[in-house]
Amino acid sequence: MAETYPINIWINEERFKELQAAGLADLLKEELAGMKVLAVPCTAEERDKVLKLFPMAKFDAATTKSIELLPKYVKDKIYEMVVKRKKLQVMSEFCQLFEKAGDAFWNQEIA
Amino acid sequence: MEMIGHGGKPLVERVIADKTEAKKKIAGLKTMPASRQMATECISIGYGFFSPLEGFMKRADVDAVCKKMELADGTLWSIPIVFDISDKEIADYGVKEGESILLTYDDNPLAIFEVEEIFTYPKDEMAFDVYGTKEDKHPGVARTYAYKDKFLGGKITLVNEPKIREPFTPYFLTPRQHRMKFKELGWQRIVAHQTRNVPHSGHEWLMKHAYIAAHGELPVESMEVIGKAISGVLVNCIVGEKRAGDYIDEAIVLTQDGLKKHGYFREDIHMTTMTFWDMRYAGPKEAVHHSIIRANLGLTHHMFGRDHAGVGTYYESYEAHRLLMSIPREKLFITPIFVLEWVYCPHCGEVTCIGLCGHWNEHQKFSGTKIRSILIDEVKPTRLIFRPEIFDIVMDAAKKYGFGSPFVTPEYLAKAKPAFSIEPL
């Protein structure tokens, strides 16, 4: 299987309950003393796209191999999409929708 | 009282505190503006953070530092402290060997520079000797390549002391002030924790480990006064040039102090201060430099952990330990304490030292990257890995000083005020 590079979305109590209610709690991993994280995978192509679309983001090549420093509003939108689609593999669609809508994307509801 | 600094030499203090005298000394001098880096280094030289340096290095010192990791007189030194200048600036400001000039900052007088030597030095050699690479991806190498083509060497005298802005004001102490504070506290052994981070529990345990190691065979508390500590931890935060994604300095200083304010360390065994220094990310060589600064602050011990002051994959995790171990004890005026990583072990259900716990396969490492990611998401971490009060301080600092983020953003870089200013004399 091709290597993937996660965007880690950390889950608070409120979101955990929301994911449990939606039957999505099994998408979560536990890290650092029981903290819950949604590791949204990106293929190499999706990773490069994300880094291009969001230049403030960085790829941590040295340690975690994850995409970091995405602003909270971007991660919130990715979370919203994971919940809507009930799966983690959303980044291709996410990038497409953002490219199409531009900044208006942040105010749109995920269909 | 004479204070002894690094190299076993008297602590350098080249400051004219009397404004009238300072005005007399600078009268008639040619003036030249100093960059922010040069201004902070003038401040550090003047107060003795870089003792026994009395000024910017001359060629012989730079060469000895690069080739032998020592000053021309044999004193241990690992990073060149240089004042770069272009030919045009030399001509425009009329800089000449043997003459003094007045350096200004914010258009106000800062320091007298007795220019003893104007010299060149191959920047690629300097970069390779200090950083072990010539790749300009390394931020220290990039800084070296960005130096202008000539260097000025000579003594510095601070004529106008910096004004430190809030919230940093209580945290800036000169080496002399550090030593006076240690005396007042009655600390016999003081261990440095070098940081440019907001503390998670892994950092907290590194400090506790280092404290216990430094305290060594001393009694638990003073024999004379029960309940009075006789050793301490000094968190000395590095405040200097920032890169996007770094923690903002305000969050670093306030959260480190928060560990004491919220009782994770006793009031009388923990102290937070700051030192102006632009990180070079020189890994092991920077570790040596940090040990020099902290010896000048009057500390007896210095903790060195994993990946000390490194960047990317340029240095091995414990390369700083090996370099420090190779230095003869009589050349290093502080005792290094080498600590291994602290991790969360789900099997033990606690934060533990990687060198003690046998559940290797279960360890969850305190990745700084992960902690940053948690903070960006504004999710309050479990108190086992990050203290709730510290989280609140981070979020508060983000609002007050970080334009909404605890991390350096382009907006912070453009708008944040420097930690110090130089006011009219």
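The values are calculated or read from the model by the stated rules, or taken from the named source; none is laboratory data. On a predicted model such as this, the values are computed, not experimentally measured, just so you know. We place every Cβ from the backbone using ideal geometry, glycine too, and count neighbours over all the protein chains shown.
Beta carbons closer than 7 Å, at least 6 apart along the sequence or on distinct chains, pair a first residue in segment B:352-374 that is closer than 21 Å to residue B:208 by Cβ with a second that is of a type in the set (Ser, Thr, Tyr) and in a loop (DSSP other than H, G, I, E, B) for B:367/A:63; B:367/A:64. The one condition from (1) assigned to a loop (DSSP other than H, G, I, E, B); (2) touching a strand residue (DSSP E or B) at 6+ places or on another chain (Cβ under 6 Å) that residue B:79 does not meet is (2). Would you say residue B:425 is under 26 Å from residue B:253 (Cβ atoms) and in a loop (DSSP other than H, G, I, E, B)? So residue B:425 does not fit the description; no. Considering (1) surrounded by 15 or more Cβ atoms within 10 Å (Cβ to Cβ); (2) modelled with pLDDT of 95 or more; (3) within 14 Å of chain A (Cβ to nearest Cβ), say which one residue B:388 fails and leave the rest. For residue B:388, the failing item is (1).
Only residues that are among the β-branched types (Val, Ile, Thr) and either outside any loop (DSSP other than H, G, I, E, B) or not assigned by TED's automatic domain parsing to the domain that holds residue B:119 (or both) were counted in segment B:82-106, giving 4. Selection within segment A:1-22: residues that are out of contact with any strand residue (DSSP E or B) (no Cβ under 8 Å at 6 or more places or on another chain) and touching a residue at least 24 places away in the same chain (Cβ under 8 Å). The member of this set that is nearest to the other protein chains (Cβ to nearest Cβ) is A:15.
Just one residue in the set B:322, B:329, B:294 is at pLDDT 95 or above and surrounded by fewer than 24 Cβ atoms within 10 Å (Cβ to Cβ); that residue is B:322. Across segment B:356-382, the qualifying residues are those that are of a type in the set (S, T, N, Q) and at the interface with another protein chain (Cβ under 8 Å from one of its Cβ atoms), and the one among them that is surrounded by the most Cβ atoms within 10 Å (Cβ to Cβ) is B:373.
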